[in-house]
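Worksheet: the structure to be examined is printed underneath.
Any read-out appearing in this document is the output of simple, stated calculations on the displayed coordinates, not a laboratory observation. Source: prediction; values computed, not measured. Heads up, the Cβs are rebuilt from the backbone with ideal geometry, glycines too, and the neighbour counts pull from every protein chain shown.
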Amino acid sequence: MYTAKHTFFCQSLDGGILSEEESNHAVRVLRLQEGNTITLIDGKGQTALGEITVANKKQLHFNITERQQLPARPNQIHIAIAPTKNMDRFSFFIEKVIEIGIDRITPIITVNSERKVLNEEKVRKNAISALKQSGNLFLPKIDDLTTFKEFISDQSNHNQRFIAHCDSDTDKIELKQAVDPKKNVVILIGPEGDFTLEEINLAKQNKFNPVSLGESRLRTETAGIVACHTVHLIS
């Protein structure tokens, strides 16, 4: 399908109206007018071409002229990660895993977390921006910040559960050898100070298998990106 120069996010393409934020960007920043064609995405695999019928900075209206729906991946990737103290690094993680393709992200608070407060709304806005830039059509679900214990106690629906940590562990194997690409997967990524031994043991008690992401000691955001990419490579 042909795509227009400018892409906009719209949760409901059938509504024919952009949000105020997207409308303002289209009209005041990009100077788009009635009759211009735009690309629309809904974050659920659907993309469409729309013709602007009303170029209002608060409520841009459009008519869809063409649309396409892509199927979701058969295996779902879910990463639970401790947000970094530096928000730019966490934003970088969000941007890159959206480019690669991810279905769900859960920010978690651990014992060694350096960040225990998160502006979830800002994170979601950054995710939409990354989606529009990447050309990917699936926006991951981004959960509110939750504690490590609350998270691991609520993962009974996942076929595969892994915890990536740096502590020496005879049970630990490479993620690329452990993951089954045909099944859903959830991966725990800790903070810069890593998970505590108590957290690792608690995760194992909740059927999270310990895995390694390689020989190097990775930053939190790098570890999250590597974990996501590893699952994609073998899928």
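Quick one: compute the contact order of the chain, relative version, from alpha carbon pairs under 8 angstrom and 6+ residues apart, as a percent. Reported relative contact order: 19 percent. Quick check: from the Cα gyration tensor, does region 1-85 come out rounded (a/c under 1.5), prolate or oblate? Oblate is the answer for region 1-85, as a/c is 1.5 or above yet b/c matches or exceeds a/b.
Only Lys, Arg, Asp and Glu carry charge here, each on its Cβ (+1 for the first two, -1 for the last two); on that basis region 16-144 has a dipole of about 260 debye about its Cα centre.
The alpha carbons of the chain occupy a box of 64, 35, 30 Å along the principal axes, longest dimension given first. Ellipticity at 222 nm from helices only: DSSP H runs of n ≥ 4 in the chain, each -39500 (n - 2.57), divided by the residue count, give -8000 deg cm²/dmol. Cross-link check: pairs LYS116/LYS176; LYS116/LYS207; LYS122/LYS172; LYS44/LYS182; LYS125/LYS149; LYS116/LYS141 evaluated at a Cα-Cα cut-off of 29 Å; pairs beyond the cut-off: LYS116/LYS176; LYS122/LYS172.
Close amide-amide hydrogen proximity is noted between THR147 and ILE109, each under 5 Å apart and 5 or more residues distant or on a separate chain (H modeled in the peptide plane; Pro and chain starts excluded).
Of HIS61, HIS78, HIS165, the residue with the greatest mean-square motion in the GNM of the chain, using alpha carbon springs below 10 Å, is HIS61.
The Cα-based radius of gyration and maximum Cα-Cα distance (Dmax) for region 110-235 are 14.9, 43 Å.
Treating the beta-carbon of each Lys and Arg as +1 and of each Asp and Glu as -1, no other charges, what is the dipole magnitude of the chain about its Cα centre, to the nearest 20 debye? Let's see the in-between values first.
Working: 29 positive and 30 negative charges, 70 e Å.
Magnitude of the dipole: close to 340 debye.
Given the C-alpha centroids of region 11-34 and region 36-61, what is the distance between them in whole angstrom? About 6 Å separates the Cα centre of region 11-34 from the one of region 36-61.
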